[in-house]
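The structure appears right after this line, and notes come after that.
The values are calculated or read from the model by the stated rules, or taken from the named source; none is laboratory data. Note that this is a predicted model, so its numbers are computed, not measured. Every residue, glycine among them, receives a Cβ derived from its backbone with ideal geometry; neighbour counts consider all protein chains shown. Side chains are part of the model used for accessible areas, which takes the heavy atoms of the whole protein and leaves out ligands, DNA and RNA. Shrake-Rupley method; radii C 1.70, N 1.55, O 1.52, S 1.80 Å.
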Amino acid sequence: MVHLGNYLGAIKNWVALQDLYETFFFIVDLHAITLPYDAPELSKATRSTAAIYLACGIDSSKASIFVQSHVRAHIELMWLLSSSTPIGWLNKMIQFKEKSRKAGNENVGVALLTYPVLMASDILLYQSDLVPVGEDQTQHLELTREISERVNNLYGGRKWKKLGGRGGSLFKVPEALIPPAGARVMSLTDGLSKMSKSAPSDLSRINLLDPKDVIVNKIKRCKTDSLPGLEFDNPERPECKNLLSVYQIITGKTKEEVVSECQDMNWGTFKVTLTDALIDHLQPIQVRYEEIMSDPGYLDNVLLNGAGKASEIADATLNNVYQAMGFLRR
């Protein structure tokens, strides 16, 4: 389920990027299986996520939108990159350490350790200049940069030219594109934790497809405090800051306008105001989502065309790597 944090922290920014850059957006179904999952639900969730991207404003006439597993080069390049990635680099990844510690080694698949190499493949296939990332992904992007530089040094340049290639670098070394500040949405049940789809309680997040009555209930029950008035900048009131920030972003108001409107409200009044604003903002997205899901032919065509465009670029990169690494030409 795509939630409000995904939307305000990432997808909303992607919509703006498609007018500035050549963009590739894909549904990471291969990454989704790194932890236990419900196999019959995977394809449904993949289609649903694609429809949400489109409903939020990703335009298939401007950007390539596709399913990760539909471009086979992602997996093939991952394996080639794995041969040049030291295991010590992967052991340093914070997310692997945290998740494996919680689940225990016997319950963790190898994919949880190696998925940053797949992430590197996702990025390097498209000779990406910029990668929009949040704070929790900067370490993985740095790993991608290290892998690209290592493979360029091992197999690029004159070594590649001697094998009949054009020489030079096999990959561009990508840079991070840090999103605007202020779009980090926190949990509704803990203002110090990021809103997450993996949190056990669904009350901790607003999902983009939540019906009106569910949104009403979640905001009514979300964690607040007993202090009078509402304020952004009191570090002792993380939930207050989070809810005010959400209201600011979805209404498009300035911080000063929100302070002027809400500083003297009590929680009961503000929760109604926030709920109404959320419902008004999400309703057009939900309506468009239903339209897209009711026309499977349209969605299939968007994903097919997107995978076709992506494959042209990805296959060219992959063929260069095969050549530079000395494989027999197909």
Can you give the Rg and Dmax of segment 172-220 based on its C-alpha atoms, in angstrom? 14.5, 49
Residue by residue through segment 169-178, what is 3J(HN,Hα) from phi via Karplus (6.51 cos²θ - 1.76 cosθ + 1.60, θ = phi - 60°)? Round to whole Hz and write x for glycine and proline. 7, 6, 10, 6, 9, x, 10, 7, 10, 7
Taking a ≥ b ≥ c as the square roots of the Cα gyration tensor eigenvalues, with a/c under 1.5 meaning rounded and otherwise prolate when a/b beats b/c, else oblate, which class fits segment 268-330? oblate
Highest GNM mean-square fluctuation, the chain, Cα pairs closer than 10 Å: which of ILE206, ILE65, ILE178? ILE178
List the residues whose amide H sits under 5 Å from the amide H of LEU177, counting only those 5 or more places along or on another chain, with H placed 1.01 Å from N in the peptide plane. VAL131, VAL133
What translational diffusion coefficient, in µm²/s and rounded to a whole number, does the Stokes-Einstein relation yield for the chain at 37 °C and a viscosity of 0.692 mPa s, taking the hydrodynamic radius as the Kirkwood radius over Cα pairs? 150
Quick one: Cα centre-to-centre distance for segment 14-53 and segment 180-240, in angstrom? 24
Does segment 17-90 classify as rounded, prolate or oblate by the C-alpha gyration tensor (a ≥ b ≥ c root eigenvalues; a/c under 1.5 gives rounded; else a/b over b/c gives prolate, otherwise oblate)? oblate
Pairing the Cα long axis of helix 238-251 with the longest principal axis of the chain, what angle in degrees results, from 0 to 90 and rounded to the nearest 10? 80
Dipole magnitude of segment 59-209 about its Cα centre, charges +1 at Lys/Arg Cβ and -1 at Asp/Glu Cβ only, in debye to the nearest 20? 540
For the Cα atoms of the chain, what angle does the longest principal axis make with the long axis of helix 296-324, in degrees from 0 to 90, nearest 10? 40
Restricting segment 227-296 to GluC sites (Glu not before Pro) in coil, as DSSP defines it, with at most 12 other Cβ within 10 Å: GLU236
What is the set of long-range amide H partners of HIS3 at a cut-off below 5 Å, with H atoms built 1.01 Å from backbone N? LEU208
Taking the solvent-accessible surface of protein heavy atoms with a 1.4 Å probe, what is the per residue accessible area of the chain in Å²? 52
Carbon and sulfur: what percent of segment 1-154's accessible surface (1.4 Å probe)? 55
Under the Karplus curve 6.51 cos²θ - 1.76 cosθ + 1.60, θ = phi - 60°, whole-Hz ³J(HN,Hα) for segment 160-166, x wherever Gly or Pro sits: 5, 4, 5, 8, x, x, 7
Using alpha-carbon coordinates, inclination of helix 73-82 to the longest axis of the chain, degrees: 70
